[in-house]
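Read the figures in this text as sums done on the coordinates, not as results from a lab. Quantities reported herein were computed from a predicted structural model and do not represent experimental measurements. Cβ placement follows ideal geometry from the backbone for every residue including glycine, while neighbour counts extend to all protein chains displayed.
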Amino acid sequence: MFSFTQPRENILQYSPWFLLKNNQITEIKIKGGQRHGNGVVAQLDSITDRDLAATLLGSEILIRREQLPNPDAGEYYWTDLIGLEVETESGVKLGKVDHLLETGANDVLVVVDDTTERLIPFLQQHTVLNVDLQLGKILVDWDPDF
């Protein structure tokens, strides 16, 4: 499987998983696993053969929010940033965070309004000046025409 956790094998620390496939969610417990190349292999409770395991291909792994540690000050889970309003220091509204991209160098906010999609590097203290989860806003130093 592919995991967004850092390091990748940390996904094995969260049990149970909720596997989402074809709009159906299945709860499953983790028995064990390890890193394997760029991915992770896991042994799942009640999955006893390859054919049964094959039915899970393409599933999205979900966990409960309560399973995650609280982020440190200045750290955010991507899911907390999605949907936040983004505006410039001068008050120009750029849209809402639709999703984020991982580029290797830094994460990138994909900000969308009715007509424009902007890619804004998530560089705190540089392009991202403030994230206020309570107000649902991100203040950025960004040219609205870019």
- Note on the structure: Note, segment 37-51: 3J(HN,Hα) by Karplus (6.51, -1.76, 1.60, θ = phi - 60°), whole Hz, Gly/Pro = x, goes x, 8, x, 9, 10, 9, 9, 9, 4, 6, 9, 10, 8, 4, 4
- Just going by the charge dipole of the chain, with Lys and Arg at +1 and Asp and Glu at -1 on Cβ, which of 17, 121, 142 is farthest out on the positive end? 17
- Looking at (i) 10, 28, 20, 10, 8, 7, 7, 5, 3, 1; (ii) 10, 33, 26, 21, 9, 1; (iii) 11, 44, 38, 7, 0, which value of P(r) over Cα pairs in 10 Å bins from 0, in percent comes from a calculation on the structure shown? (ii)
- Query: Can you give the Kirkwood hydrodynamic radius for segment 93-146, in Å, rounded to one decimal and based on Cα pairs?
  - Reply: 11.5
- Please arrange 17, 78 by counting, for each residue, the other beta carbons lying within 10 Å of its beta carbon, fewest first. 78, 17
- What is the distance, in nm, between label points placed 7 Å from the Cα along the Cα-to-Cβ direction at residue 54 and at residue 132? 5.5
- Task: Would you please classify the overall shape of segment 59-128 from the alpha carbon gyration tensor, given that a ≥ b ≥ c denote the square roots of the eigenvalues, rounded means a/c under 1.5, and beyond that prolate means a/b larger than b/c while oblate covers the rest?
- Result: prolate
- Task: Note down the magnitude of the dipole of the chain about its Cα centre, charges +1 on Lys and Arg C-beta and -1 on Asp and Glu C-beta and zero elsewhere, to the nearest 20 debye.
- Result: 780
- Note on the structure: In deg cm²/dmol, rounded to the nearest 500, the helical mean residue ellipticity at 222 nm of the chain, built from -39500 (n - 2.57) for every DSSP H run of length 4 or more, is -1000 deg cm²/dmol
- Task: Neighbouring Cβ atoms within 10 Å as the yardstick, rank 115, 88, 79 fewest first.
- Result: 115, 79, 88
- Calculate the dipole size of segment 78-140 relative to its Cα centre from +1 charges on Lys and Arg beta carbons and -1 charges on Asp and Glu beta carbons; express the result in debye to the nearest 20. 80
- Item | segment 114-131 - phi-based ³J(HN,Hα) in whole Hz, Karplus 6.51/-1.76/1.60, Gly and Pro as x | 4, 10, 10, 10, 10, 10, 10, x, 8, 10, 5, 6, 10, 8, 9, 8, 7, 10
